[in-house]
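Colleague: Structure incoming, see below.
The values are calculated or read from the model by the stated rules, or taken from the named source; none is laboratory data. Computed from a predicted model, the values in this text were never measured in an experiment. Glycine also receives a Cβ, built like all others from the backbone with ideal geometry; neighbour counts cover every protein chain displayed. We work out accessible area using only protein heavy atoms, side chains counted, and drop any ligands, DNA or RNA first. Shrake-Rupley method; radii C 1.70, N 1.55, O 1.52, S 1.80 Å.
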Amino acid sequence: MVIMEKETEHPAPPFEPQKVAEPEPQEKAMITVSDVDFSYGAHQVLFDVNLEIPPRAVTAFIGPSGCGKTTLLRCFNRMNDLIDGAHVSAGRIELEGHDINAPDIDVVELRRRVGMVFQKSNPFPKSIYDNVAYGLRVLGATKKSRINEAVEKSLRAAALWGEVKDRLDSSAYGLSGGQQQRLCIARALAVEPEVILMDEPCSALDPIATAKVEELIYQLRENFTIVIVTHNMQQAGRCSNYTAFFYLGRLIEFGATSKIFSNPSERQTEDYITGRFG
Amino acid sequence: MAVPLPVRRWHADSLIKAFFGSNALIAIVVLALITIFLFREGFGFFGKNLANIRLYRRAGLEYVDILRDSANSHAALSRSLNDIRKRAAATESADTLSRFDEFSTAFSDSAENLNGLVSDAGDKAVALRDALALLIGDVDHSGENSEQGAATPPIDEAGTIAALRANTATFATTAAALDRTIRDLLKTAPSFQDAITKRAFEYWTKKVDGYLASLPATTKKLQAWNPERPVPAYRAVTSFLFGRDWITASFWQDWYGIIPLFVGSFLVSIVALAIAVPFGVASAIYVSEVAQPAEKRFIKPYVEFIAAIPSVVLGFFGIAVVGQTIRHVSQSSFFHWVSFFPISERLNIFTAGSLLALMAVSTIFTLAEDALRNVPRGFVEASYALGANRLQTVGRVIVPASLSGIVSAILLGFGRVIGETMVVLLCAGNRIAIPDFTQGLGAFFQPVHTMTGIIAQEMGEVVRGSIHYRALFMVGLALFAITLATNYAAQKLVARYRMSIG
Amino acid sequence: MKIRTRQRIAQTTSFWIFRLATYTILAAATYIFLDIGIKGSRTLFTAHAPFINVPFLTQRPQTLFVFDYQGTKYTLSDSEFRVWKAQHPEEVEATSVAYSAGGVWPCIVGTALLVIGSMIFALAVGICSAIYLSEYSQNSRFIRLIRIAILNLAGVPSIVFGLFGFGLFVIFLHWNVSLLAGWFTLGLMILPAIITASEESLRAVPNGLREGSLALGATKWQTIRKNVLPYALPGILTSSILGISRVAGETAPIMFTAAYALRDEMPWQVQHWTDFVFQGVMALPYHIYVVSSKIPQNEYTERMQYGAACILLLLVFVIALTSIVLREKARRRLSW
Ligand SMILES: Nc1ncnc2c1ncn2[C@@H]1O[C@H](COP(=O)(O)OP(=O)(O)O)[C@@H](O)[C@H]1O
Ligand SMILES: [Mg+2]
């Protein structure tokens, strides 16, 4: 099936990032995962995960499907609370040094600070404008001018402004798949989170739309901490600074993307990256 | 800079959750309240019923009823003679007939003394009962139960009972005289030409023998009767659950037995299901397996719409059209061979049942069609792949796979029918009696009263708090229990069916 | 190949039997609709403008008087008869037939009031409990218990609801025969259907909308209010319309809780506005019960009997049709 993308009219040049800067671990980690086990009911899917996600960088989670990438990602903003019986059974997850699973944490505030973009784009059945303004209104913003400003800023940041500025009041469902996903990113940006979690944001997009989103992610790195789950090795290589490789619920290797891709220290990582399994 | 995560605000969310949760509780609360209020209003029934039965014994009504039974048996024999007379009219000579008339008049006259005895004793017992009821106070009686408790006349209870029991001896002599009279009378009986009439009369004679033989037993019963013998408490329950009479507002004795009502409800439901099940299941199969898509699109909503017809409209239609039609049909010569046609009452079990069938068809169709449609297509395709044709696939694969779904549809249909009020109230004939099953299928063309109908009809007229009022609540409770049990069984079946399909 | 032939014949025959059964049901229902529709429309419609029998819809039920006067036969309603008697002082022998003249205006009003009140109550409570069940509840024993209770409540006969309403509202709470008692009795009766329909609509809203909203830092309630309920509401309302038709047509629950066979005042003719909810009303289904069981079937009563039955049937028909049309529309519009 050919999706008629608006983007096809101005084909974006294939996205070629310059060599990613080496990690500088002197900065304190944004998210710290220590000794985490996670279970759905009695079914344990994460085993003893230890990880430090550096701030203002893109961290990619890779691994065969079913290895627990999504699960870990959803731990970071406690989205798993919505699933019956799902729980962190051991270990700690900290956001800037604060335990996010502590009993007195305000989950709502946590989720504002840790935004999320889903695998399947999920714009609300509202206008484009209302989609972006939703988060602000929920936070209590009422001033029209401020909301207008923030909407424009977020849409610009999501590289969508030019395409939609004339039809802000039309339904978000009229956008193409790639535009919808970027709208979801814009929506997440509007509430000014510190961390943005992305769960295979490009899995449903064609290559051109994917390129646009990847470029966007690359630019966002300067202001946000980004964690992206991906299936696509090239994607991880292209747009991430750090890469974590998971296998069967365990973190096998974590390090600078360049190192993981050129010189992995684990056999399994190498096998996976070179496509010997997966 | 690390902004600390704020501590959870006790914001409205938990309150909101509690609010919605309390709303969700309402189903449980209502079920509980229904149970509580049916019990609250109904439970006093047993106490009052026990008092009622105790008074029945204490005042000697029970004693009189033993006498009355005997008189009633005699009267029944007289009525049988009338039936024989009707048959004989066609076949016998005028002479035989006139002798027979003489005979039957003499026979019914023979009970004159016995009847007198019953009515005398009855008057005494009723007077005593009314006096005692005023004294005890809490047993309300249909008739003249006024609130002048203070001005009770003195009661000579022992005297009345003694006077009543004196009737035992009288009965013995009356019975002996009766025995003699009847035996003499039998010798004068005319003989009939027609074989059938003859046989009927011989059968009657045998019954008379039986009756005469029972007289000494009755005397014994009278002698054994004791007003002081305590009535066990369980009688209050058993006389309700197994009682075959529902008699209210009678000057004699009220009985609250649910059996005639239950039987009425049950028979109406049986008729409704007997019609609705084949039609409902057949049409469900038709729509899910045979019909064209265009046909489906209009049949389904149409049948579902039948469920929306207000039952009172159906009931009215029954009175205005169906009852009349059924009677006309039963009178037509075409159905002459049916023994119980023509029917006498246009409103009867069958009238109500056939209307309820239409309601049940809608329920059964909808649920059964659902069950059929949910049979995994894999089964069906496998069957076709093995060379079975459509009918075989329907019969051997689809219907068995959805059988428990269909059975639960039928159960729910039953629940709907037995709880239905307006149709039976308007169309079942409202005669409180257990149908005469000796007529075979004819029993289904007799009027009955039902559990739902009796509540609807009598609730508006009873005195609040009276035993009758409480009895109606007990009927409601029984109905509630029956429908809950049906519903529960249906749910269990569906659950099992879901599991077996996977 | 003889077996094949036989099988084919068996199949054709059985399918024809099934077809016959199906169309027999449809024919029976159609016969009812036609009989009531045709005889009822003689009452409801007139041959000349405005083509609708306005008096039947706007008057209250009255006793019909039938008599012969100077060779002509008169059939007059109670009020007309009084006027006539004032003009003709001589005595006439008139047969009176209860309920058979006039119209059904108070019954329509009463039914409308009962429907409105009970639906408001049932929708409010029903939607709230559906929100709890679909949005808040986790799968626990307690929730299963609630679900079982809802299913069982749906099977309770309407006359038992009537008894219950009588015991609780009329007697225990001393509301007497009143609109209020009728509202709650009917509302509780229809509640399981509303809960089930609402929950279904809520569950049809895709989960992505909830997650998307929560991930933006919306609270649960904000999510429900802004991003779930608005999309479920059309579905809830359309499936609840069928509930209206059931409430409008039920007789047994209002027999002892809300309905009067005859009442002279209209519901708004009350002493004090607080009396409004504590008054009993006439209702269309109960009126049909009364006119079909308390008066004989003859040429004089047929007008009222068929007219009232036809109106109720028409009402239910329109409601059901609306709901079906709306449902189809909603289905086409909201495809996620
Ligand atoms: N809601 C759930 N309930 C139970 N098990 C789940 C649920 N979601 C995922 N799982 C299981 O957890 C494991 C990890 O899933 P996931 O985190 O989605 O993997 P990935 O995103 O790496 O493909 C899988 O085995 C999956 O079956
Ligand atoms: Mg995943």
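Colleague: Anything in region B:1-34 that is modelled with pLDDT under 85, facing another protein chain (nearest Cβ under 7 Å) and part of a helix (DSSP H, G or I)? List them, or say none.
Modeller: Those that are modelled with pLDDT under 85, facing another protein chain (nearest Cβ under 7 Å) and part of a helix (DSSP H, G or I): B:12, B:13.
Colleague: Can you tell me which condition residue C:91 does not meet? The list is (1) free of Cβ contacts under 8 Å to residues at least 40 places away in the same chain; (2) farther than 30 Å from residue C:62 by Cα; (3) open to solvent by 10 Å² or more (accessible area, probe 1.4 Å), and all the others hold.
Modeller: (2)
Colleague: Mind listing whichever residues of region A:63-120 are hydroxyl-bearing (Ser, Thr, Tyr) and either in contact with a helix residue (DSSP H, G or I) (Cβ under 8 Å, 6 or more places away or on another chain) or near ligand 1 (Cβ under 8 Å from one of its atoms) (or both)?
Modeller: A:65, A:70, A:71
Colleague: For the list (1) assigned to a strand (DSSP E or B); (2) crowded, with 18+ Cβ neighbours inside 10 Å, I need the number of the one condition that residue C:96 fails.
Modeller: Condition (2) is where residue C:96 drops out.
Colleague: Checking the structure you have, find out if any residue of region B:400-409 is surrounded by 20 or more Cβ atoms within 10 Å (Cβ to Cβ), among the aliphatic types (A, V, I, L, M) and in contact with a Leu (Cβ under 8 Å, 6 or more places away or on another chain).
Modeller: yes
Colleague: Would you check if there is a residue in region A:47-67 being closer than 28 Å to residue A:256 by Cβ, among the aliphatic types (A, V, I, L, M), open to solvent by 40 Å² or more (accessible area, probe 1.4 Å) and modelled with pLDDT of 90 or more?
Modeller: no
Colleague: Against the definition (away from ligand 1 (no atom under 16 Å from the Cβ), in contact (Cβ under 8 Å) with a residue 40 or more places away in the chain, open to solvent by 20 Å² or more (accessible area, probe 1.4 Å) and not in a loop (DSSP other than H, G, I, E, B)), how does residue A:134 come out, yes or no?
Modeller: It is false that residue A:134 is away from ligand 1 (no atom under 16 Å from the Cβ), in contact (Cβ under 8 Å) with a residue 40 or more places away in the chain, open to solvent by 20 Å² or more (accessible area, probe 1.4 Å) and not in a loop (DSSP other than H, G, I, E, B).
Colleague: Same structure, new question: Among the listed residues B:464, B:431, B:416, which satisfies the condition of being open to solvent by 10 Å² or more (accessible area, probe 1.4 Å), modelled with pLDDT under 95 and touching a Ser or Thr at 6+ places or on another chain (Cβ under 7 Å)?
Modeller: B:416
Colleague: Just to check your reading of the model, which residue among A:206, A:199 is open to solvent by less than 50 Å² (accessible area, probe 1.4 Å), within 12 Å of chain C (Cβ to nearest Cβ), within 27 Å of residue A:233 (Cβ to Cβ) and acidic (Asp, Glu)?
Modeller: After ruling out the rest, the residue left standing is A:199.
Colleague: Restricted to region A:221-237, and to residues that are under 21 Å from residue A:55 (Cβ atoms) and in contact with a helix residue (DSSP H, G or I) (Cβ under 7 Å, 6 or more places away or on another chain), which residue is farthest from ligand 2 (Cβ to nearest atom)?
Modeller: Ranking the candidates gives A:226 first.
Colleague: Within region A:137-153, can you find the residues that are open to solvent by 70 Å² or more (accessible area, probe 1.4 Å) and within 13 Å of chain C (Cβ to nearest Cβ)? Step through it out loud before you land on a result.
Modeller: Step one: of region A:137-153, the residues open to solvent by 70 Å² or more (accessible area, probe 1.4 Å) are A:137, A:139, A:142-144, A:146, A:149, A:153.
Answer for region A:137-153, where residues must be open to solvent by 70 Å² or more (accessible area, probe 1.4 Å) and within 13 Å of chain C (Cβ to nearest Cβ): A:137, A:139.
This table checks each residue for (1) surrounded by 14 or more Cβ atoms within 10 Å (Cβ to Cβ); (2) charged (D, E, K, R); (3) farther than 26 Å from residue C:287 by Cβ.
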| position | (1), (2), (3) |
| --- | --- |
| B:313 | yes, no, no |
| B:317 | yes, no, no |
| B:334 | no, no, yes |
| B:342 | yes, no, yes |
| B:346 | yes, yes, no |
| B:351 | yes, no, no |
| B:368 | yes, no, yes |
| B:373 | yes, yes, yes |
| B:376 | no, no, yes |
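Colleague: Okay, next question. Taking region B:291-310 only, how many residues are facing chain C (nearest Cβ under 7 Å) and not β-branched (Val, Ile, Thr)?
Modeller: Qualifying residue count for the region: 5.
Colleague: Could you figure out which of (1) outside any helix (DSSP H, G or I); (2) among the charged types (D, E, K, R); (3) open to solvent by less than 90 Å² (accessible area, probe 1.4 Å) isn't true of residue C:35?
Modeller: Tallying (1) outside any helix (DSSP H, G or I); (2) among the charged types (D, E, K, R); (3) open to solvent by less than 90 Å² (accessible area, probe 1.4 Å), residue C:35 fails exactly one: (1).
Colleague: Cβ contacts < 6 Å: first residue closer than 18 Å to residue A:269 by Cβ and of a type in the set (D, E, K, R), restricted to region A:56-79; second residue in a loop (DSSP other than H, G, I, E, B) and within 10 Å of ligand 1 (Cβ to nearest atom), any location; separation 6+ or different chain. Result?
Modeller: Cβ pairs passing all conditions: A:69/A:63.
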